[in-house]
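Got a structure for you, questions after.
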Amino acid sequence: MKKTLLTTITVLGIACLSMNSHAQTGWLLQGNSNATTNDFIGTINNIPLKFKTKNATRMVITGTGKVGIANAAPVSRLDILGLTSATEPVVNVTGKYVGSADVIAIKGTSTPSDTSGIGVQGVGNLAGVEGISNLFGVSGSGIIGVLGSSSVAGTTGFPTGVWGQSDGGEQGNGVFGIAENSTQNISVWGIATDTATVGGVRDYAGYFQGNVFGYRYFQLSDERMKKNVQPLHSVLSRLMNVKTATYNYKTAEFPKLHLPAGLQTGFLAENLQQQFPDMVVETTMPEKIHPKTGRIISEKADVKVVNYMGMIPVLTSAIQEQQVQIAAKDAAIADMQKQLIALETRLARLEANAPSTSKTGASLSDVRLDQNQPNPFSNSTIINFEIPSNTSDARLMITTMDGKLIREVSINGNKSGQVQLSAADMSAGSYLYSLYVNGVMTATKTLVITK
């Protein structure tokens with residue numbers, strides 16, 4: 001019995017010495033003062049290092065050095081998995097620096113080459129990256145500072161690569177772009193492939209529901225990139241049928257279309273389309289819904305739109321056509337002025353050889369032949385006259401400029417009156433009309449017909 005007890009005491013002593021020796025080389029919960037550069041906590045085989053609380057694994061470090069938080073099989077250097085019942089952020093980083101320095105809460109750097117590497121990538125069913133800040137919500141640096149990519153299969157959804165929204169403040173900017181110190185500066189670049197061939201326009205590189213401000217506007221017009229070039233013609237007559245108007249948009253009836261307020265000036269699309277079909281197209285103002293709240297930002301509407309820029313060449317062509325007509329009329333007027341000078345010379349000679357009162361049997365002071373009104377004319381004109389009461393024969397003779405008689409009107413028995421001439425059976429041009437009293441010409445004037 002004594003031998004057995006002694007053996008037991010010996011074993012317990014050895015065990016205590018062993019435990020004391022292990023405690024000296026182990027890690028203490030209150031810290032260790034005897035740690036060396038060769039000490040570590042972990043495994044020396046390929047078994048992952050696990051950290052538990054409440055007997056549940058919370059973090060794993062794999063044999064290849066990948067860290068998983070709430071993820072027993074991490075595939076990235078750091079792989080964090082959120083809980084299905086948790087609404088708080090999966091990762092929350094807060095910078096507490098007090099001062100004016102730009103402290104970065106999260107920084108991602110990837111530099112495999114000058115043309116590859118993504119610093120930060122966000123993927124979400126709603127928003128890939130959402131940035132909220134008093135200064136910069138998202139700040140990006142690289143060949144592409146911020147890259148937004150969105151893809152939605154099917155016909156539903158409103159994919160948006162970059163969504164910019166500003167609410168409040170003195171001057172809000174949903175999206176703001178600056179380009180400077182480059183060989184070619186482009187602040188905002190939009191590309192939309194124009195796939196519409198029939199049924200109107202659907203594709204826009206830029207779509208604005210509001211005023212657009214810019215210093216200058218340019219449109220591609222290089223002849224080397226055009227085909228089927230045909231000159232405009234006969235636009236003046238069509239342009240005369242185009243209505244211009246002032247109007248107000250129905251802003252109260254269509255509040256979600258964001259129509260401009262105040263008095264507007266422009267064309268009426270339906271009227272313009274009758275004369276210039278290519279200047280009016282059908283288009284759809286798309287519906288836009290806030291992807292998070294479901295609020296309707298802009299409602300859908302099928303409308304007609306006018307290509308106001310395209311009307312500039314039409315107006316130019318109309319001015320050119322009008323100028324041709326003015327030049328032709330100027331030439332006709334110049335020709336008429338020459339004829340008038342010749343007629344005045346001829347009339348002066350006739351008046352110099354006019355018969356005396358004794359030959360005509362009437363006093364020339366009692367004869368009056370007025371200039372026709374209107375003159376020139378295209379439909380009809382009135383000639384007023386006055387002859388002595390004792391006139392036995394009075395006639396109004398209409399001749400061409402070379403003296404060919406084309407019409408004769410008898411005015412016997414009338415001391416004064418008027419003759420109405422119609423241009424229906426007369427060609428456009430200049431004519432002479434003369435008043436003959438008792439067989440003697442007493443006066444001659446010129447009339448002009450235009451058609």
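What follows draws every value from the coordinates through simple rules; no lab data is involved. Small disclaimer: the values here were computed from a predicted structure and weren't measured. Note: ideal-geometry Cβ built from the backbone for every residue, glycine included; neighbour counts use all protein chains shown.
Looking only at the range 203-238, which residues have a backbone nitrogen under 14 Å from a spot 7 Å from the Cα of Thr160 in the C-beta direction?
What the label zone holds, given the 14 Å backbone N cut-off, is 207-209.
Note down the nm distance, to one decimal, between modelled labels 7 Å out along Cα→Cβ at Thr316 and at Ile132.
For Thr316 paired with Ile132, the spin-label model returns 5.3 nm.
Which angle between 0 and 90 degrees, to the nearest 10, do you get for helix 2-25 versus the longest principal axis of the chain when only C-alpha atoms count?
It works out to around 30 degrees.
If contacts are Cα pairs under 8 angstrom and at least 6 residues apart, what is the relative contact order of the chain in percent?
This gives 6 percent for the chain.
Here's another thing I want to ask about it. Given a Förster distance of 56 Å, report the FRET efficiency between Gln30 and Ile143 from their Cβ-Cβ distance, rounded to the nearest 0.05.
After rounding, the FRET efficiency stands at 0.60.
Skipping prolines and chain starts, which residues have an amide H placed within reach, meaning under 5 Å, of the one on Ile80, given they are 5 or more residues away or on another chain?
Correct list: Ile69.
Which of the lysines could a cross-linker bridge to Lys256, judged by Cα under 24 Å and excluding same-chain residues fewer than eight apart?
Qualifying lysines at Cα under 24 Å: Lys288, Lys292, Lys300, Lys304.
Points 7 angstrom from Cα along the Cβ direction at Arg295 and Met309: gap in nanometres?
3.3 nm
Using bins 10 angstrom wide from zero, how does P(r) for the chain break down, in % of all Cα pairs?
P(r) over the chain, rounded to whole percents: 3, 10, 13, 12, 10, 9, 8, 8, 7, 6, 4, 3, 2, 2, 1, 1, 1, 0, 0, 0.
Quick one: Cα centre-to-centre distance for the range 228-244 and the range 295-345, in angstrom?
9 Å
Given a Förster radius of 30 Å and the C-beta distance between Tyr204 and Ala179 as r, what FRET efficiency does 1/(1 + (r/R0)^6) yield to the nearest 0.05?
Calculated transfer efficiency: 0.90.
If you don't mind, another one. Give the cross-link partners of Lys451 among the lysines, using a straight C-alpha distance below 24 Å as the criterion and excluding same-chain residues fewer than 8 apart.
Those lysines meeting the cut-off are Lys329, Lys338, Lys404.
Can you compute 3J(HN,Hα) from phi for each residue in the range 267-284, using the Karplus curve 6.51 cos²θ - 1.76 cosθ + 1.60 with θ = phi - 60°, rounded to whole Hz and x for Gly and Pro?
9, 9, 4, 4, 5, 5, 5, 5, 9, 10, x, 6, 8, 10, 9, 8, 8, 10
Additional query: How much length is gained on full extension from Met397 to Val120, taking 0.36 nm per residue of separation minus their Cα-Cα distance?
89.7 nm
Mind pulling the angle between the C-alpha long axis of helix 311-352 and the longest principal axis of the chain? Nearest 10 degrees, somewhere in 0 to 90.
Long axis of 311-352 versus the principal axis of the chain: about 10 degrees.
Another question, if that's okay. Using a Förster distance of 30 angstrom, determine the FRET efficiency expected from the C-beta separation of Ala245 and Gln418, and round it to 0.05.
0.10
Using the Karplus curve 6.51 cos²θ - 1.76 cosθ + 1.60 with θ = phi - 60°, work out ³J(HN,Hα) for each residue of the range 116-132 in order, rounded to whole Hz, and write x for Gly and Pro.
8, x, 10, x, 9, 10, x, 10, x, 5, 10, 10, x, 9, 10, x, 10
If you take every DSSP beta bridge whose two residues both sit in the range 44-169, what share of them, in percent to the nearest 5, is antiparallel?
So the antiparallel bridges amount to about 75 percent of the total.
Output the peptides 62-72, 182-192 sorted from most to least packed, where packing is the average of other Cβ atoms within 10 Å over each peptide's residues.
My ranking of the peptides, most packed first, is 62-72, 182-192.
Please compute the modelled spin-label separation between Ser389 and Thr57, points set 7 Å along Cα→Cβ, answer in nm with one decimal.
13.8 nm
Another question, then. Pull up the cross-link candidates among the lysines for Lys96, meaning alpha carbon to alpha carbon under 23 Å and not fewer than 8 places away within one chain.
In chain and number order, the partners are Lys107.
Can you compute the helix-only [θ] at 222 nm over the chain? Use -39500 (n - 2.57) per DSSP H run of at least 4 residues, normalise by all residues, nearest 500 deg cm²/dmol.
Dividing the helical sum by the residues of the chain leaves -6000 deg cm²/dmol.
For the range 381-391, take each phi angle, set θ = phi - 60°, evaluate the Karplus expression 6.51 cos²θ - 1.76 cosθ + 1.60, and give the result in whole Hz per residue in order, putting x for glycine and proline.
Computed from phi, the couplings for the range 381-391 are 8, 10, 10, 8, 8, 8, 10, x, 5, 8, 6 Hz.
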